[in-house]
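Input: one structure, supplied below.
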Amino acid sequence: MNSFPEGFRALVIGASGGLGQAFVQLLQANPRCAEVLGVHRRSRPRIDFDDESSVADAAQALTTGGKFHLIINAAGLLHNADFMPEKKLADLSYAQLEVTFRANTFGPALVLRHFSPLLDGERGVLAVVSAKVGSIEDNRLGGWYSYRASKAALNMLLKTAAIELKRSKPKAVLVSLHPGTVYTGLSKPFKGEQIGRPALLAAQEMLTVLDGLTAADTGSFVTYNGERLPW
């Protein structure tokens, strides 16, 4: 993480998930990182995307420690105990759409709103974990309606926020990250343990990509190996 200053501060949102835990672990082990904070539904302060005020409250609580050089939103939802990704139009329902968008789009949108002001003005990177299936141009298989649409909407929010933030923080970098297939609870029903990479490896790959980004890359959609993805 040599592009970040000595003693940089980092924040991981969704730190209780497999990927979030990996980000926290790696940043804690990085000698250049003076502090890494992990927040989730049960942390203090807490962030729960089902509770809009919790995002603003957490941002307010974290202002006292100074600016962050790196903020990563690793929270997301593909399935839960009540549903799996839709395979066809007949599977669509308000309930699943609302839950998925709340986790993948609405919550991260509020992260962009409340946490982008906490970015350091000289070296500040805010990344949201998106997904390649959120690319409209790359969609060749169909299915997974809510998940695809929620990530596509997240990408648009990120792109739009990057344009606005460039006016007040010209050195800031906002980016959507595709992690690839990672063996976590999210991928477990889809043979994630067979085809996915360990969370620590995926997180390290993404940190390497983030380390190499500059202000010219803000508003981009990139993979864990640095490849640019079409919107």
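Just the residues that are open to solvent by 50 Å² or more (accessible area, probe 1.4 Å) and under 16 Å from the mean Cα position of the chain (by Cα), please, taken from the stretch 40-56. Reasoning before the result, please.
Residues of the stretch 40-56 that are open to solvent by 50 Å² or more (accessible area, probe 1.4 Å), as a first pass: 41-42, 44, 46, 50, 52-53.
The answer is Arg41, and nothing else.
Considering each residue of the stretch 58-80, count those that are farther than 17 Å from Val129 by Cβ and either within 14 Å of the chain's Cα centre (by Cα) or free of Cβ contacts under 8 Å to residues at least 60 places away in the same chain (or both), and give that number. Don't jump to the end; show me each part of the working.
So in the stretch 58-80, the residues farther than 17 Å from Val129 by Cβ come out as 58-67, 69, 80.
Filter once more, so that each one left must be either within 14 Å of the chain's Cα centre (by Cα) or free of Cβ contacts under 8 Å to residues at least 60 places away in the same chain (or both): 58-67, 80.
Number satisfying all stated conditions: 11.
Does Ala74 meet the test of being out of contact with any Leu (no Cβ under 9 Å at 6 or more places or on another chain), surrounded by 19 or more Cβ atoms within 10 Å (Cβ to Cβ) and hydrophobic (A, V, I, L, M, F, W, C)? Quick ask: steps written out before the conclusion?
Numbers: out of contact with any Leu (no Cβ under 9 Å at 6 or more places or on another chain): no; surrounded by 19 or more Cβ atoms within 10 Å (Cβ to Cβ): yes; hydrophobic (A, V, I, L, M, F, W, C): yes.
No; evaluated as a whole, the condition is false for this residue.
Condition first: open to solvent by 10 Å² or more (accessible area, probe 1.4 Å), more than 23 Å from Gly107 (Cα to Cα) and of a type in the set (A, V, I, L, M, F, W, C). Now tell me which residues in the stretch 1-39 satisfy that.
Met1, Leu26, Ala29, Cys33, Ala34
Considering only residues of the stretch 127-157 that are aromatic (Phe, Trp, Tyr) and over 15 Å from the mean Cα position of the chain (by Cα), which is surrounded by the fewest Cβ atoms within 10 Å (Cβ to Cβ)?
Restricting attention to the stretch 127-157, the residues satisfying the condition of being aromatic (Phe, Trp, Tyr) are 144-145, 147.
If we keep only those that are over 15 Å from the mean Cα position of the chain (by Cα) as well, we get 144-145.
Values: Trp144: 21, Tyr145: 18.
So the residue we want is Tyr145.
The values are calculated or read from the model by the stated rules, or taken from the named source; none is laboratory data. Keep in mind it's a predicted model, so treat the numbers as computed, not measured. So basically every Cβ, Gly included, is an ideal-geometry build from the backbone, and we count neighbours across all protein chains shown. Protein only, heavy atoms only, side chains kept; ligands, DNA and RNA dropped before computing areas. Shrake-Rupley method; radii C 1.70, N 1.55, O 1.52, S 1.80 Å.
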